[in-house]
1. Which of the peptides 40-52, 2-14 is most tightly packed, and how do the rest follow, judged by the mean count of other Cβ atoms within 10 Å per residue?
2. Towards the positive end of the charge dipole of the chain, with charges on Cβ (+1 Lys, Arg; -1 Asp, Glu), say which of 47, 72, 7 has the farthest Cα.
3. What pairs from 12/66; 11/66; 23/53 go past 20 Å between their alpha carbons?
4. With +1 on each Lys and Arg Cβ and -1 on each Asp and Glu Cβ, how big is the dipole of the chain about its Cα centre, in debye rounded to the nearest 20?
5. In Å and whole numbers, how far do the C-alpha atoms of the chain stretch along each principal axis, longest first?
6. Return the distance in nm (one decimal) between the two label points of a simple spin-label model at residue 23 and residue 62, each offset 7 Å from Cα along Cα→Cβ.
7. Rounded to whole Hz and in sequence order, give me ³J(HN,Hα) for the range 50-62 from the Karplus expression 6.51 cos²θ - 1.76 cosθ + 1.60, θ = phi - 60°, writing x for Gly and Pro.
8. Enter the angle in degrees (range 0 to 90, nearest 10) between the Cα long axis of helix 15-28 and the first principal axis of the Cα atoms of the chain, meaning the one along which they spread out most.
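Coordinate-derived values only; no laboratory data. Computed from a predicted structure; not experimentally measured. Here the Cβ positions follow ideal geometry from the backbone for every residue, glycine too, while neighbour counts run over all protein chains shown.
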Amino acid sequence: MFYLCGLNYHKKGDYVTSLRTLKILEREMKSLIDIPHATAASIYGLMGSNCMKLGDNDSALQYHEKSLNMRLNIYGNTEHTHKAASYGEMSMV
């Protein structure tokens, strides 16, 4: 639920509210978010995108790296669009 709210705020251009919503989700799911999981990787990727839109490139890169590392753990050496998306997001920071 929080992820979808964060995504909708992001799509509307309200990056501050989106990031705030996703940080609540990160705190609530802290015990789960450190486990490589596709949803957690998406959360970190969206947090990185919000930070980038807000001009906080250092934080954006950190979140995108977390997302990529989770995706590498999940998908390994296989080709996957989510891994490609992470690399693409990192290249724009």
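1. 40-52, 2-14
2. 7
3. 12/66; 11/66
4. 220
5. Per principal axis, max minus min of the Cα coordinates gives 35, 29, 20 Å.
6. According to this spin-label approximation, the distance is 1.1 nm.
7. 4, 4, 4, 5, 8, x, 9, 5, 4, 5, 4, 5, 4
8. So the inclination is approximately 60 degrees.
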